[in-house]
Amino acid sequence: MNTRPRIPRPTVRTAAGLARLAWHQHRTAHRTVLALAVLAAAWALWEHHQLVTAVEHWATTCPNGLTDSPPVCDHTPGAVRTVMEQAHPPLRYLPVAVGALLGAPLFAQTLQDGTHRLAWTQSVSRRQWAVAKLCVTGGVTALAALLLTAPVTWWWYTIRHGRTATGPIGTAWRDSTPQSDWSYLPYTGPAGVAHLLLALTTGAALGLLLRRVLSAVALSAAVTLALQTGLEQLRPHLLTPTIERTSSVVFPNRTTNAWHLDQGYTHADGSLTETYNCPPGSWEAVQRCARSQHITGSYIRNLDPQQFLPLQWLDTAICLTVIALLATFCLVHVRRMKTR
């Protein structure tokens with residue numbers, strides 16, 4: 001005969017109570033995250049204004065591009081450097097901070113303090129308790145991610161659209177901004193939200209497993225960084241690149257807004273090589289040397305601008321799959337844990 005106590009099915013009132021409890025236990029972290037997200041979004045919107053203003057001024061001052069222009073045209077506008085260079089490192093390590101400081105303590109703090117025993121002896125199951133904590137903190141993280149991702153996506157769209165424009169304004173965008181903005185893929189659109197939720201669930205799963213805050217924080221930071229690095233290495237291989245070839249050793253022109261993966265030389269049999277051993281010299285000497293090594297042309301390998309959004313959705317799908325697996329692990333593991 002089954003003697004286990006029967007847990008009543010969750011009601012709307014029970015779910016609301018669990019949500020309030022989950023918010024209350026981590027209210028300081030939740031409020032801090034939302035406040036920082038609002039401040040970061042306000043700063044990002046201001047930087048977008050600065051970016052557009054700086055490039056428009058560049059278009060007026062440097063109408064012919066970098067040639068035959070005043071000395072000021074030799075320097076990239078400060079707003080462009082802020083958006084494309086200085087903002088990149090904080091965005092890259094933001095998931096690490098979320099995983100370590102928000103995800104890791106989500107379960108580990110409660111388990112370490114022993115306050116989980118009170119919740120587990122109430123008329124709710126462990127799974128309901130875990131679901132409430134994941135949903136509330138996940139909702140806070142998603143909202144904060146949206147606040148930050150929206151203006152960063154605006155940066156990306158403005159720069160990408162500007163580089164395809166014609167006239168002085170298009171020349172200004174192409175001359176003052178880097179040729180590729182694909183490094184911003186995990187910080188824009190749905191991927192920007194998915195990466196932060198992945199970091200959160202990674203930290204939560206490790207906190208539930210380790211049950212100690214400090215060890216969970218350290219390991220969450222390392223694992224989240226490893227996941228981000230792994231996705232960076234995987235991303236160029238998710239879609240088939242385009243290979244452009246020429247019949248000389250002069251490389252083809254790069255496509256605007258494409259992701260330039262690599263370049264090299266083609267052999268007569270169609271194989272590719274990134275280098276060939278020819279000393280510097282006159283154009284005729286280089287051509288003769290190339291022919292002696294069966295070099296018949298050159299190539300560049302790119303992901304086309306039209307592949308940005310499909311790649312972003314693929315990246316998002318991978319993150320969501322891992323999130324689902326980690327959340328499932330949390331719900332299964334919490335039922336098997338011993339109260340201590």
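Being touching a residue at least 12 places away in the same chain (Cβ under 8 Å), in a helix (DSSP H, G or I) and open to solvent by less than 40 Å² (accessible area, probe 1.4 Å) is the requirement here; does residue 266 meet it?
Spelling it out, it is not the case that residue 266 is touching a residue at least 12 places away in the same chain (Cβ under 8 Å), in a helix (DSSP H, G or I) and open to solvent by less than 40 Å² (accessible area, probe 1.4 Å).
When both residues are 6+ apart or on different chains and their Cβ atoms are under 6 Å apart, which pairs have a first residue that lies in the stretch 139-163 and is in the same structural domain as residue 259 (by TED's automatic domain parsing), and a second that is modelled with pLDDT under 90?
Partner pairs satisfying both residue conditions: none exist.
Do we find a residue being more than 29 Å from residue 311 (Cα to Cα) and more than 25 Å from the chain's Cα centre (by Cα) anywhere in the stretch 236-245?
Checking the stretch 236-245: not a single residue is more than 29 Å from residue 311 (Cα to Cα) and more than 25 Å from the chain's Cα centre (by Cα).
How many residues, within the stretch 294-335, are assigned to a helix (DSSP H, G or I) and hydroxyl-bearing (Ser, Thr, Tyr)? Steps first, please.
Looking only at the stretch 294-335, we keep the residues that are assigned to a helix (DSSP H, G or I), and these are 305-335.
This time we only want the ones that are hydroxyl-bearing (Ser, Thr, Tyr), so: 316, 321, 328.
Of the residues in the stretch 294-335, 3 are assigned to a helix (DSSP H, G or I) and hydroxyl-bearing (Ser, Thr, Tyr).
If only one of 16, 22 is under 23 Å from residue 141 (Cα atoms), touching a Lys or Arg at 6+ places or on another chain (Cβ under 8 Å), at pLDDT below 90 and assigned to a helix (DSSP H, G or I), which one is it?
Within the list 16, 22, the selection yields 22.
The values are calculated or read from the model by the stated rules, or taken from the named source; none is laboratory data. Just so it is clear, the model here is predicted, and its values are computed rather than measured. Methodologically, a virtual Cβ is constructed for each residue, glycine included, from the backbone with ideal geometry; neighbour enumeration extends over all protein chains shown. The area values use the complete protein model at the heavy-atom level, side chains included, leaving out ligands, DNA and RNA. Shrake-Rupley method; radii C 1.70, N 1.55, O 1.52, S 1.80 Å.
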